[in-house]
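Sending over a structure as structure tokens; questions will come in a sec.
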Amino acid sequence: MKHWLMGVSCLGLVACSSGEGNVTFTTYGEDFIEKEIPASAFEDGWTVKYDKFLVKLGEVKVANHEGETAAEQTAAKVYDVHRPGPVNVATFNDLASEEWDEVSYAIAPVTDATAGNADAEDVTRMNTEGWSVYVEGTATKGTVTKRFRWGFPTNTVYEHCENEDIGDGVTVPKGGTETVQLTIHGDHLFFDDLQSADAKMRFDAIAAADSTGVVGPDGEITLDELGLVDLTALPSNQYGTGGAGSVRTLRDFITALVRTVGHYRGEGECSPRVR
């Protein structure tokens, strides 16, 4: 009995000595969203510049694999990651200073999101339309310029977030603050494969969709026009779906890519779960 009591006392001391610290979450669109995706990054020589890149971020959670939750913020906010960043998303104070290896967040089409750094008008539109992601921009190649304005209602939870160089989740420092970046990758919308690690960025097929509509080319590529492009009509070595049977058109394909924009601490990965 005496040894058992000593063991409990020791555990108590370990818990008490771990201390407390803080975690601040930010979001950032990197140069590809803030500035441009240069022609050198595309296989077919296009340059893409975003004017807006709106995301609804919420359900930020710090937990561990044992099911314990250190902190959670469920409310969603709208961020325009085209604006200079990083920008703050949430700060959790006085968390136990230990490794929390299960960090997750969501990009979801909730209808009651508030403003992060986005304009009030954009927040209202995102909520009214039921979008989780909205992008505006232009693509240019030589003397040709195409415009796009696309809204997506995708509902994705990014779980088990990790960075190969830093580790799983986040380690809360004793008496300090750790900053965790939820990184948004705008280049993913133009990949030509849903599964391959060797996917390339292309825009030719997207640009050609402007000629598909009933009214003919007008310089703007709509999601409806992309929905008329059957993937089987494109080169066989491009736009691989990895067997996803529901992805049949270029609109389906880009919508699937939207689910992959959420990353963790730069190039770190999360496991996207579709809801």
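The values are calculated or read from the model by the stated rules, or taken from the named source; none is laboratory data. Everything quoted here is computed from the prediction, not taken from an experiment. Backbone-built Cβ (ideal geometry, glycine too); neighbour counts: all protein chains shown.
To keep it simple, each residue is scored yes or no on (1) over 26 Å from Ile254 (Cβ atoms); (2) not in a strand (DSSP E or B).
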| site | (1), (2) |
| --- | --- |
| Asn117 | no, yes |
| Thr124 | no, yes |
| Arg149 | no, no |
| Cys161 | no, no |
| Asp165 | yes, yes |
| Thr183 | no, no |
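Go through (1) more than 26 Å from Leu54 (Cα to Cα); (2) polar (S, T, N, Q); (3) assigned to a loop (DSSP other than H, G, I, E, B) one by one and return the number of the condition Thr232 breaks.
(3)
For segment 127-161, name all the residues that are over 30 Å from Ser211 (Cβ atoms) and not charged (D, E, K, R). Before you say what the answer is, go through the steps one by one.
Pass one, segment 127-161, residues over 30 Å from Ser211 (Cβ atoms): 127-128, 155-161.
Listed by number, the residues that qualify are Asn127, Thr128, Asn155, Thr156, Val157, Tyr158, His160, Cys161.
Which of (1) within 17 Å of the chain's Cα centre (by Cα); (2) at pLDDT 95 or above; (3) part of a loop (DSSP other than H, G, I, E, B) does Gly175 not meet, given it meets every other one?
The single condition Gly175 does not satisfy is (1).
Being in contact (Cβ under 8 Å) with a residue 12 or more places away in the chain, closer than 19 Å to Leu257 by Cβ and not hydroxyl-bearing (Ser, Thr, Tyr) narrows it down to one residue among Val135, Val144; which is it?
Values: Val144 fails: closer than 19 Å to Leu257 by Cβ.
Matching residue, one of Val135, Val144: Val135.
Right, something else. From (1) of a type in the set (Gly, Ala, Ser); (2) in a loop (DSSP other than H, G, I, E, B); (3) under 20 Å from Ala207 (Cβ atoms); (4) touching a residue at least 60 places away in the same chain (Cβ under 8 Å), pick out the condition that doesn't hold for Ala256.
Looking at each condition in turn, Ala256 falls short on (2).
Oh, and also: Is it the case, given these coordinates, that Gly175 is surrounded by 22 or more Cβ atoms within 10 Å (Cβ to Cβ) and in contact with an Asp or Glu (Cβ under 9 Å, 6 or more places away or on another chain)? Please lay out each step first, then the result.
Numbers: surrounded by 22 or more Cβ atoms within 10 Å (Cβ to Cβ): no; in contact with an Asp or Glu (Cβ under 9 Å, 6 or more places away or on another chain): yes.
Considered against the rule, which asks whether it is surrounded by 22 or more Cβ atoms within 10 Å (Cβ to Cβ) and in contact with an Asp or Glu (Cβ under 9 Å, 6 or more places away or on another chain), Gly175 comes out as no.
Among the residues of segment 226-237, which ones are surrounded by 13 or more Cβ atoms within 10 Å (Cβ to Cβ) and farther than 17 Å from Val258 by Cβ? First the steps, then the outcome.
As a first pass, look at segment 226-237 and keep what is surrounded by 13 or more Cβ atoms within 10 Å (Cβ to Cβ): 226-229, 231, 234.
Once the filter is applied, which keeps residues that are surrounded by 13 or more Cβ atoms within 10 Å (Cβ to Cβ) and farther than 17 Å from Val258 by Cβ, segment 226-237 yields Leu228, Leu234.
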